1. Once you place label points 7 Å from the Cα toward the Cβ at residue 68 and residue 26, how far apart are they in nm?
2. Could you check the simple spin-label distance between residue 60 and residue 81, using points 7 Å along Cα→Cβ, in nm with one decimal?
Amino acid sequence: MAFLDSETLLVTAPRGAGSQLSVDVVTAGTLRSPANRAFSYFAPAVTSLVPQYAFTGDILSDFSIQGRELGSSLEDLDAVRVGG
């Protein structure tokens, strides 16, 4: 965190997910900023699948997902759903 002036702090957002998250600033005198919903992470976006088609039935098909904001590691993912 960097203190630029009495009205500006420069901070690095932690890894995370969600939208309309509160941002709290607490001073050394324990004064706290009022409630807000000021920060959102970009939602994951799938930009392509390779291959785009798979066989139907009981055959399992692997495919690759490319996109943005998919996380930094496998632990960042809760689920990948195909068809619902």
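1. 3.5 nm
2. That separation, rounded to one decimal, is 2.1 nm.
Taken together, the values in this text are just the output of simple stated rules run on the coordinates, not laboratory data. Since the model is a prediction, treat every value here as computed from it, not as a measurement. Using ideal geometry, Cβ is built from the backbone for each residue, glycine included, and neighbour counts are taken over all protein chains shown.
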